[in-house]
Amino acid sequence: MDTPLIERRHMPDRRAARMGSEQRTSWMSTLDWIAMALMIVGGINWGLVGLFNFDLVAFLFGEQSLVSRVIYLAVGIAALYSLYLGSKMARAQI
């Protein structure tokens with residue numbers, strides 16, 4: 001008895017299909033980019049405080065001024081949002 005040959009067609013890997021240039025960055029929204037930028041600003045500021053005892057935000061906008069407090073609050077919220085962003089980035093790598 002002859003068994004018929006089964007033709008297997010190439011099916012693209014789902015992960016490889018997601019690596020297109022449009023799809024590579026589409027999972028990050030504008031809010032994600034803003035949060036990341038704020039965390040970078042906060043990290044640089046904390047680095048300056050740790051290395052040189054120099055608070056750039058306080059220097060630019062005044063110590064404990066309303067603008068400084070809003071910037072510190074925005075950086076803190078961005079850091080909390082990064083918990084969600086990190087899990088989102090981990091899911092995008094699967």
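The values are calculated or read from the model by the stated rules, or taken from the named source; none is laboratory data. The structure presented is a predicted model; accordingly, all values stated were derived computationally and were not measured. Here Cβ is always computed from backbone atoms with ideal geometry, including for glycine, and neighbour counts include all displayed protein chains. For accessibility, only protein heavy atoms count, side chains too; no ligands or nucleic acids. Shrake-Rupley method; radii C 1.70, N 1.55, O 1.52, S 1.80 Å.
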Candidate set: segment 11-42, residues that are surrounded by 11 or more Cβ atoms within 10 Å (Cβ to Cβ) and of a type in the set (Gly, Ala, Ser); chosen: the one modelled with the lowest pLDDT: 26
Scan segment 71-94 and tell me whether some residue there is at pLDDT below 90 and among the charged types (D, E, K, R). yes
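What number of residues within segment 43-55 are open to solvent by 60 Å² or more (accessible area, probe 1.4 Å), assigned to a helix (DSSP H, G or I) and not aromatic (Phe, Trp, Tyr)?
3
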Give me the residue from segment 60-94 that is part of a helix (DSSP H, G or I) and polar (S, T, N, Q) and, out of that set, least open to solvent (accessible area, probe 1.4 Å). 68
Cβ-Cβ below 6 Å, separation at least six or inter-chain, first residue in segment 73-89 and over 11 Å from residue 36 (Cβ atoms), second part of a helix (DSSP H, G or I): which pairs? 74/38; 75/38; 75/42
